[in-house]
Amino acid sequence: MTRIIKISENRIGKKRIRYAANQIKDGKLVVFPTETVYGIGANAFNEKACREIFKVKNRAADNPLIVHICRFDQLKEVAVVPDKLFKVIDRLWPGPVTFIFKSRNLPKVVTAGLDTVAVRMPSNKIALELIKESNVPIAAPSANISTFPSATEARHAVADFFGKVAVIIDGGRSKFGLESTVIDLSKKPYRLLRPGSYDVSRLEKVLGKIIIPDSINKTVRKGKVLSPGMKYRHYSPKKPLFLFDNINELISASRFLESKNVKFATFIPCEYKAKVNGNKKLILGSRDKPDEIARNLFSSFRKLDEIDAEIGLIADMKLDSFDLAVRNRIVKAAGENKVKNVKQFIKFIDSYVTYR
Ligand code: TXA
Ligand code: MG
(Lines give C-alpha, C1' and ligand atoms only; values in the text may rest on other atoms or scores of the structure.)
(Ligands and ions follow the chains in the order given, each with its own letter.)
Protein backbone atom coordinates (compact mmCIF):
# COMPACT_ATOMS: atom_id res chain seq x y z
CA MET A 1 0.00 0.00 0.00
CA THR A 2 1.22 3.45 -0.90
CA ARG A 3 0.00 6.46 1.02
CA ILE A 4 -0.04 9.77 -0.85
CA ILE A 5 0.44 12.66 1.55
CA LYS A 6 0.00 16.29 0.54
CA ILE A 7 2.31 18.71 2.30
CA SER A 8 2.78 22.39 1.57
CA GLU A 9 6.28 23.85 1.90
CA ASN A 10 4.77 26.97 3.49
CA ARG A 11 2.90 25.11 6.21
CA ILE A 12 4.52 21.80 7.00
CA GLY A 13 2.22 19.53 9.02
CA LYS A 14 4.43 17.89 11.64
CA LYS A 15 2.16 14.85 11.95
CA ARG A 16 2.37 14.10 8.24
CA ILE A 17 6.15 14.50 8.13
CA ARG A 18 6.43 12.26 11.18
CA TYR A 19 4.41 9.53 9.48
CA ALA A 20 6.77 9.58 6.48
CA ALA A 21 9.86 9.77 8.72
CA ASN A 22 8.67 6.72 10.65
CA GLN A 23 8.52 4.80 7.38
CA ILE A 24 12.14 5.75 6.67
CA LYS A 25 13.13 4.60 10.18
CA ASP A 26 11.25 1.38 9.50
CA GLY A 27 13.34 0.62 6.40
CA LYS A 28 10.64 1.61 3.90
CA LEU A 29 10.88 3.85 0.82
CA VAL A 30 9.49 7.40 0.71
CA VAL A 31 9.18 9.63 -2.36
CA PHE A 32 9.72 13.27 -1.39
CA PRO A 33 10.04 16.64 -3.14
CA THR A 34 13.28 18.57 -3.41
CA GLU A 35 13.86 21.92 -5.13
CA THR A 36 15.36 20.11 -8.16
CA VAL A 37 13.27 16.97 -8.80
CA TYR A 38 11.48 14.40 -6.62
CA GLY A 39 13.66 11.79 -4.89
CA ILE A 40 12.94 8.19 -3.88
CA GLY A 41 14.59 7.80 -0.50
CA ALA A 42 15.63 5.34 2.19
CA ASN A 43 17.75 5.36 5.36
CA ALA A 44 21.28 5.61 3.89
CA PHE A 45 22.62 3.26 6.59
CA ASN A 46 20.04 0.56 5.88
CA GLU A 47 21.56 -1.68 3.24
CA LYS A 48 18.40 -3.66 2.57
CA ALA A 49 16.24 -0.56 2.12
CA CYS A 50 18.79 0.99 -0.26
CA ARG A 51 18.90 -2.24 -2.25
CA GLU A 52 15.13 -1.95 -2.64
CA ILE A 53 15.57 1.49 -4.31
CA PHE A 54 17.68 -0.12 -7.04
CA LYS A 55 15.07 -2.82 -7.49
CA VAL A 56 12.00 -0.60 -7.86
CA LYS A 57 13.83 1.87 -10.11
CA ASN A 58 15.35 -0.91 -12.20
CA ARG A 59 18.64 0.91 -11.66
CA ALA A 60 22.03 -0.52 -12.63
CA ALA A 61 23.97 -1.60 -9.53
CA ASP A 62 27.05 0.40 -10.62
CA ASN A 63 25.18 3.72 -10.42
CA PRO A 64 25.59 5.16 -6.90
CA LEU A 65 22.99 7.17 -4.94
CA ILE A 66 23.09 10.72 -3.58
CA VAL A 67 23.00 10.96 0.20
CA HIS A 68 20.80 13.83 1.44
CA ILE A 69 21.55 15.57 4.72
CA CYS A 70 19.91 18.38 6.70
CA ARG A 71 22.78 19.52 8.94
CA PHE A 72 26.52 19.95 8.50
CA ASP A 73 27.39 17.51 11.30
CA GLN A 74 25.70 14.77 9.24
CA LEU A 75 28.29 15.34 6.52
CA LYS A 76 31.01 13.97 8.82
CA GLU A 77 28.96 10.81 9.40
CA VAL A 78 29.08 9.84 5.71
CA ALA A 79 32.12 11.59 4.21
CA VAL A 80 35.70 12.59 4.89
CA VAL A 81 35.85 16.33 4.32
CA PRO A 82 38.94 18.54 4.77
CA ASP A 83 38.18 21.21 7.41
CA LYS A 84 38.82 24.13 5.09
CA LEU A 85 36.21 22.86 2.65
CA PHE A 86 33.43 23.15 5.24
CA LYS A 87 33.45 26.95 5.13
CA VAL A 88 33.31 26.94 1.34
CA ILE A 89 30.45 24.45 1.16
CA ASP A 90 28.59 26.41 3.80
CA ARG A 91 28.23 29.21 1.23
CA LEU A 92 26.61 26.89 -1.33
CA TRP A 93 24.34 24.67 0.76
CA PRO A 94 21.47 24.18 1.13
CA GLY A 95 20.86 24.19 -2.61
CA PRO A 96 20.80 22.37 -5.94
CA VAL A 97 24.43 21.20 -5.94
CA THR A 98 25.84 17.78 -5.02
CA PHE A 99 29.45 17.21 -3.99
CA ILE A 100 31.59 14.08 -4.22
CA PHE A 101 33.85 13.30 -1.24
CA LYS A 102 35.73 10.28 0.10
CA SER A 103 33.04 8.15 1.70
CA ARG A 104 32.77 6.63 5.18
CA ASN A 105 30.42 4.36 7.12
CA LEU A 106 28.00 3.75 4.25
CA PRO A 107 26.91 0.36 2.96
CA LYS A 108 28.51 -0.54 -0.38
CA VAL A 109 25.20 -0.54 -2.19
CA VAL A 110 24.83 3.25 -1.71
CA THR A 111 28.20 4.12 -3.27
CA ALA A 112 28.09 1.24 -5.77
CA GLY A 113 31.37 0.03 -4.30
CA LEU A 114 33.26 3.30 -5.02
CA ASP A 115 35.40 4.88 -2.30
CA THR A 116 33.59 8.18 -2.84
CA VAL A 117 30.08 9.38 -2.01
CA ALA A 118 27.74 12.02 -3.45
CA VAL A 119 26.18 14.28 -0.79
CA ARG A 120 23.64 17.08 -1.01
CA MET A 121 21.82 19.36 1.43
CA PRO A 122 18.60 20.29 -0.38
CA SER A 123 16.88 23.62 0.29
CA ASN A 124 13.31 22.32 0.00
CA LYS A 125 11.82 22.59 3.50
CA ILE A 126 9.82 19.37 3.22
CA ALA A 127 12.96 17.43 2.32
CA LEU A 128 14.89 19.05 5.19
CA GLU A 129 12.12 18.29 7.72
CA LEU A 130 11.88 14.69 6.52
CA ILE A 131 15.62 14.13 6.99
CA LYS A 132 15.52 15.86 10.37
CA GLU A 133 12.58 13.81 11.67
CA SER A 134 14.05 10.57 10.29
CA ASN A 135 17.27 11.41 12.13
CA VAL A 136 19.39 9.69 9.46
CA PRO A 137 20.88 10.75 6.13
CA ILE A 138 18.55 9.76 3.29
CA ALA A 139 19.94 8.07 0.18
CA ALA A 140 17.81 9.09 -2.78
CA PRO A 141 18.13 9.02 -6.54
CA SER A 142 15.60 10.83 -8.70
CA ALA A 143 12.08 9.35 -8.40
CA ASN A 144 11.70 7.86 -11.86
CA ILE A 145 12.10 4.40 -13.35
CA SER A 146 15.62 4.28 -14.88
CA THR A 147 15.86 5.93 -18.33
CA PHE A 148 12.54 7.82 -17.86
CA PRO A 149 12.46 11.59 -17.25
CA SER A 150 12.82 12.58 -13.59
CA ALA A 151 9.62 13.32 -11.68
CA THR A 152 8.91 17.03 -11.26
CA GLU A 153 5.36 16.52 -9.94
CA ALA A 154 4.08 13.94 -7.48
CA ARG A 155 1.81 12.42 -10.14
CA HIS A 156 4.89 11.43 -12.17
CA ALA A 157 6.18 9.46 -9.19
CA VAL A 158 2.70 8.00 -8.63
CA ALA A 159 2.75 6.71 -12.23
CA ASP A 160 6.16 5.07 -11.70
CA PHE A 161 6.00 3.86 -8.08
CA PHE A 162 2.44 3.55 -6.76
CA GLY A 163 2.26 0.26 -4.85
CA LYS A 164 6.04 0.00 -4.64
CA VAL A 165 6.85 2.58 -1.95
CA ALA A 166 5.32 3.30 1.47
CA VAL A 167 4.72 7.02 0.98
CA ILE A 168 4.65 9.58 -1.82
CA ILE A 169 4.77 13.12 -0.46
CA ASP A 170 3.06 15.54 -2.83
CA GLY A 171 4.79 18.89 -2.36
CA GLY A 172 3.71 20.47 -5.64
CA ARG A 173 5.80 21.22 -8.73
CA SER A 174 9.59 21.22 -8.40
CA LYS A 175 11.07 24.72 -8.27
CA PHE A 176 13.94 24.04 -10.73
CA GLY A 177 12.76 20.91 -12.58
CA LEU A 178 16.31 19.73 -13.36
CA GLU A 179 18.59 17.65 -11.16
CA SER A 180 21.37 19.10 -9.05
CA THR A 181 24.78 19.97 -10.48
CA VAL A 182 27.33 17.31 -9.45
CA ILE A 183 30.90 18.44 -8.65
CA ASP A 184 33.76 16.15 -7.66
CA LEU A 185 35.59 17.68 -4.70
CA SER A 186 37.38 14.44 -3.81
CA LYS A 187 40.44 15.45 -5.82
CA LYS A 188 41.91 18.53 -7.48
CA PRO A 189 41.28 20.01 -9.93
CA TYR A 190 37.57 20.05 -9.13
CA ARG A 191 35.50 18.61 -11.92
CA LEU A 192 31.93 18.86 -13.18
CA LEU A 193 30.33 15.41 -13.37
CA ARG A 194 26.79 16.47 -14.25
CA PRO A 195 25.51 19.92 -15.23
CA GLY A 196 22.34 20.83 -13.35
CA SER A 197 20.30 23.48 -11.62
CA TYR A 198 23.26 25.34 -10.10
CA ASP A 199 25.16 27.25 -12.79
CA VAL A 200 28.82 26.26 -12.95
CA SER A 201 30.01 29.84 -13.34
CA ARG A 202 28.31 30.77 -10.05
CA LEU A 203 29.94 27.80 -8.33
CA GLU A 204 33.34 28.82 -9.69
CA LYS A 205 33.05 32.16 -7.87
CA VAL A 206 33.19 30.20 -4.62
CA LEU A 207 35.13 27.03 -5.53
CA GLY A 208 37.60 28.39 -8.09
CA LYS A 209 38.19 26.80 -11.48
CA ILE A 210 36.01 23.77 -12.26
CA ILE A 211 37.01 21.47 -15.14
CA ILE A 212 34.20 20.74 -17.60
CA PRO A 213 35.02 17.46 -19.38
CA ASP A 214 34.30 17.33 -23.14
CA SER A 215 32.37 14.12 -22.63
CA ILE A 216 29.58 15.91 -20.69
CA ASN A 217 27.19 16.12 -23.63
CA LYS A 218 27.96 12.81 -25.27
CA THR A 219 26.39 9.41 -24.71
CA VAL A 220 29.18 7.15 -23.48
CA ARG A 221 28.48 3.48 -23.70
CA LYS A 222 31.74 1.77 -22.90
CA GLY A 223 34.91 2.50 -21.02
CA LYS A 224 35.57 4.54 -17.93
CA VAL A 225 33.21 7.37 -17.05
CA LEU A 226 33.70 9.78 -14.21
CA SER A 227 30.13 9.57 -13.00
CA PRO A 228 28.46 6.22 -13.59
CA GLY A 229 25.05 7.79 -14.19
CA MET A 230 26.29 9.67 -17.24
CA LYS A 231 26.85 6.60 -19.38
CA TYR A 232 23.23 5.54 -19.61
CA ARG A 233 20.50 6.72 -21.95
CA HIS A 234 18.53 8.97 -19.76
CA TYR A 235 15.60 11.28 -19.22
CA SER A 236 13.82 9.80 -22.25
CA PRO A 237 10.17 9.60 -23.14
CA LYS A 238 9.14 6.07 -24.15
CA LYS A 239 8.37 7.31 -27.66
CA PRO A 240 11.26 8.29 -29.95
CA LEU A 241 12.46 11.86 -29.62
CA PHE A 242 14.36 13.38 -32.58
CA LEU A 243 16.89 16.11 -31.96
CA PHE A 244 17.58 18.61 -34.78
CA ASP A 245 20.68 20.76 -35.05
CA ASN A 246 18.56 23.88 -35.22
CA ILE A 247 14.98 25.10 -35.15
CA ASN A 248 14.78 25.75 -38.91
CA GLU A 249 15.34 22.08 -39.68
CA LEU A 250 12.68 21.19 -37.13
CA ILE A 251 10.27 23.60 -38.83
CA SER A 252 10.93 21.95 -42.24
CA ALA A 253 10.46 18.51 -40.71
CA SER A 254 7.15 19.55 -39.15
CA ARG A 255 5.96 20.71 -42.59
CA PHE A 256 6.95 17.38 -44.14
CA LEU A 257 5.27 15.27 -41.43
CA GLU A 258 2.06 17.27 -41.66
CA SER A 259 1.96 16.77 -45.42
CA LYS A 260 2.13 13.01 -44.78
CA ASN A 261 -0.52 13.10 -42.03
CA VAL A 262 1.91 11.70 -39.47
CA LYS A 263 0.95 12.05 -35.81
CA PHE A 264 3.82 13.92 -34.18
CA ALA A 265 4.50 16.44 -31.43
CA THR A 266 7.02 19.28 -31.21
CA PHE A 267 8.84 20.68 -28.15
CA ILE A 268 9.41 24.36 -28.81
CA PRO A 269 9.94 27.72 -27.16
CA CYS A 270 6.75 29.81 -27.50
CA GLU A 271 8.47 32.23 -29.93
CA TYR A 272 8.24 29.59 -32.70
CA LYS A 273 4.63 28.61 -32.20
CA ALA A 274 3.35 30.25 -35.39
CA LYS A 275 6.16 28.90 -37.57
CA VAL A 276 5.97 25.23 -36.62
CA ASN A 277 3.42 22.95 -38.27
CA GLY A 278 1.33 20.29 -36.54
CA ASN A 279 -1.35 20.55 -33.89
CA LYS A 280 0.54 19.07 -30.93
CA LYS A 281 2.92 21.76 -29.83
CA LEU A 282 4.35 21.27 -26.37
CA ILE A 283 5.45 24.75 -25.36
CA LEU A 284 8.57 24.67 -23.19
CA GLY A 285 8.38 28.32 -22.20
CA SER A 286 10.04 31.44 -23.51
CA ARG A 287 13.53 31.44 -24.99
CA ASP A 288 14.17 34.53 -22.87
CA LYS A 289 13.28 32.68 -19.68
CA PRO A 290 15.60 29.66 -19.50
CA ASP A 291 14.39 28.82 -15.98
CA GLU A 292 10.91 28.27 -17.45
CA ILE A 293 12.29 25.91 -20.10
CA ALA A 294 14.29 24.01 -17.47
CA ARG A 295 11.21 23.67 -15.25
CA ASN A 296 8.95 22.39 -18.03
CA LEU A 297 11.34 20.08 -19.88
CA PHE A 298 10.79 16.78 -18.05
CA SER A 299 7.04 17.17 -17.59
CA SER A 300 6.65 17.87 -21.32
CA PHE A 301 8.77 14.78 -22.14
CA ARG A 302 6.28 12.78 -20.08
CA LYS A 303 3.39 14.41 -21.95
CA LEU A 304 4.67 12.99 -25.24
CA ASP A 305 3.89 9.52 -23.92
CA GLU A 306 0.35 10.55 -22.94
CA ILE A 307 -0.81 12.14 -26.19
CA ASP A 308 -1.76 10.73 -29.59
CA ALA A 309 1.61 11.15 -31.32
CA GLU A 310 4.11 8.62 -32.60
CA ILE A 311 7.27 10.72 -32.26
CA GLY A 312 8.51 14.00 -30.82
CA LEU A 313 10.74 16.66 -32.40
CA ILE A 314 13.03 19.01 -30.52
CA ALA A 315 15.82 21.36 -31.63
CA ASP A 316 19.09 22.28 -29.98
CA MET A 317 18.84 25.71 -28.37
CA LYS A 318 21.26 28.15 -26.85
CA LEU A 319 20.11 29.64 -23.55
CA ASP A 320 21.51 32.40 -21.34
CA SER A 321 21.42 30.27 -18.23
CA PHE A 322 20.87 26.56 -17.53
CA ASP A 323 22.36 26.13 -21.01
CA LEU A 324 24.73 23.27 -20.23
CA ALA A 325 22.13 21.42 -18.18
CA VAL A 326 19.14 21.82 -20.51
CA ARG A 327 21.16 20.83 -23.59
CA ASN A 328 22.64 17.90 -21.70
CA ARG A 329 19.17 16.55 -20.84
CA ILE A 330 17.95 17.04 -24.42
CA VAL A 331 20.96 15.25 -25.92
CA LYS A 332 20.64 12.33 -23.49
CA ALA A 333 16.89 12.07 -24.02
CA ALA A 334 17.24 11.87 -27.80
CA GLY A 335 20.06 9.31 -27.53
CA GLU A 336 20.85 7.95 -31.00
CA ASN A 337 18.10 9.98 -32.70
CA LYS A 338 20.20 13.01 -33.61
CA VAL A 339 19.59 14.44 -37.08
CA LYS A 340 21.33 17.23 -38.95
CA ASN A 341 18.60 18.07 -41.43
CA VAL A 342 15.26 17.03 -42.91
CA LYS A 343 16.82 14.84 -45.60
CA GLN A 344 18.58 12.70 -43.04
CA PHE A 345 15.46 12.70 -40.87
CA ILE A 346 13.22 11.36 -43.65
CA LYS A 347 15.56 8.42 -44.21
CA PHE A 348 15.70 7.77 -40.50
CA ILE A 349 12.02 7.75 -39.53
CA ASP A 350 10.41 5.23 -41.91
CA SER A 351 10.32 2.56 -39.24
CA TYR A 352 8.91 4.90 -36.57
CA VAL A 353 5.90 6.54 -38.21
CA THR A 354 2.77 5.76 -40.22
CA TYR A 355 2.12 7.75 -43.37
CA ARG A 356 -1.61 8.20 -43.86
O1 TXA B 1 18.74 16.82 -7.91
C2 TXA B 1 19.19 15.71 -7.68
O3 TXA B 1 20.41 15.47 -7.67
C4 TXA B 1 18.19 14.58 -7.42
C5 TXA B 1 17.48 14.88 -6.09
C6 TXA B 1 16.56 13.79 -5.68
O7 TXA B 1 18.43 15.13 -5.12
N8 TXA B 1 18.83 13.31 -7.38
C9 TXA B 1 19.37 12.73 -8.48
O10 TXA B 1 19.93 11.48 -8.27
O11 TXA B 1 19.34 13.22 -9.58
P12 TXA B 1 20.33 10.47 -9.42
O13 TXA B 1 20.64 9.22 -8.73
O14 TXA B 1 19.31 10.44 -10.44
O15 TXA B 1 21.68 11.04 -9.97
C16 TXA B 1 22.86 10.95 -9.20
C17 TXA B 1 24.07 11.19 -10.06
C18 TXA B 1 24.28 10.03 -11.01
O19 TXA B 1 24.73 10.54 -12.25
C20 TXA B 1 25.38 9.24 -10.28
O21 TXA B 1 26.16 8.44 -11.14
C22 TXA B 1 26.18 10.36 -9.66
O23 TXA B 1 25.23 11.29 -9.23
N24 TXA B 1 26.96 9.88 -8.50
C25 TXA B 1 26.51 9.43 -7.32
N26 TXA B 1 27.53 9.05 -6.54
C27 TXA B 1 28.66 9.27 -7.23
C28 TXA B 1 30.05 9.09 -6.98
N29 TXA B 1 30.48 8.59 -5.82
N30 TXA B 1 30.94 9.42 -7.94
C31 TXA B 1 30.51 9.95 -9.10
N32 TXA B 1 29.21 10.15 -9.42
C33 TXA B 1 28.30 9.81 -8.50
MG1 MG C 1 18.24 10.17 -12.10
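The values are calculated or read from the model by the stated rules, or taken from the named source; none is laboratory data. The model shown is predicted, which means the values in this text are computed figures rather than measured ones. A quick note on method: Cβ atoms are made from the backbone with ideal geometry, for glycine too, and the neighbour counts reach across all protein chains shown. Just so you know, the surface numbers come from the protein's heavy atoms only, side chains and all, with ligands and any DNA or RNA stripped out. Shrake-Rupley method; radii C 1.70, N 1.55, O 1.52, S 1.80 Å.
Descriptive notes on the structure:
- With R₀ set to 41 Å, the beta-carbon distance separating VAL56 from SER259 gives a calculated FRET efficiency near 0.40.
- Nitroxide proxy distance, nm - points 7 Å out along Cα→Cβ at PHE72 and ASP245: 5.1 nm
- Summarised in one figure, the compactness ratio Rg/Rh of the chain, Cα atoms and Kirkwood Rh, is 0.98.
- Relative contact order computed over the chain (Cα-Cα under 8 Å; 6+ residues apart), in percent: 18 percent
- Sites ILE212 and ARG155, calculated FRET efficiency, Cβ-Cβ separation with R0 35 Å, nearest 0.05: 0.50
- Taking all protein chains into account, the per residue accessible area for segment 241-355 stands at 44 Å² (1.4 Å probe).
- Taking amide hydrogens as placed 1.01 Å from N in the peptide plane, the amide H of LEU313 sits under 5 Å from those of PHE242, ALA265, THR266, PHE267, each at least 5 positions away in sequence or on another chain.
- Equivalent-ellipsoid semi-axes for segment 102-149 (Cα gyration tensor, √(5λ), whole Å, largest first): 20, 17, 9.
- Cross-link reach list, aspartates and glutamates versus LYS15, counting only Cα pairs under 14 Å and skipping chain neighbours closer than eight places: GLU129, GLU133
- Long-range tail of P(r) for segment 241-355 (Cα pairs > 19 Å, %): 39 percent
- Pair-distance profile P(r), taking every C-alpha pair of segment 3-207, with 10 angstrom steps and integer %: 9, 39, 38, 13, 1
- Multiplying the residue separation of ASP26 and ILE346 by 0.36 nm and removing their Cα-Cα distance gives an extension gain of 109.8 nm.
- Separation of segment 262-306 and segment 71-106, taken as the distance between their Cα centroids, equals 37 angstrom.
- Projected label distance in nm at LYS102 and ARG173, using a 7 Å step from Cα toward the beta-carbon: 4.5 nm
- Annotation: amide H-H contacts under 5 Å for GLY95 (H modelled 1.01 Å from N, sequence separation of 5 or more, or interchain): MET121, SER123.
- Among the helices of the chain, those built from whole DSSP H runs whose Cα atoms reach 15 Å or more along their own axis and whose mean Kyte-Doolittle hydropathy is at least -1.0 are 47-57, 247-259, 290-306, 323-334.
- From phi via Karplus (6.51, -1.76, 1.60), per-residue ³J(HN,Hα) for segment 118-124 in Hz, x at Gly/Pro: 9, 10, 9, 10, x, 9, 4
- Expected 222 nm ellipticity per residue - DSSP helices of 4 or more, -39500 (n - 2.57), all of the chain, to 500: -9500 deg cm²/dmol
- Interchain or long-range residues, amide H under 5 Å from ILE5's placed H: ILE168, ILE169, ASP170
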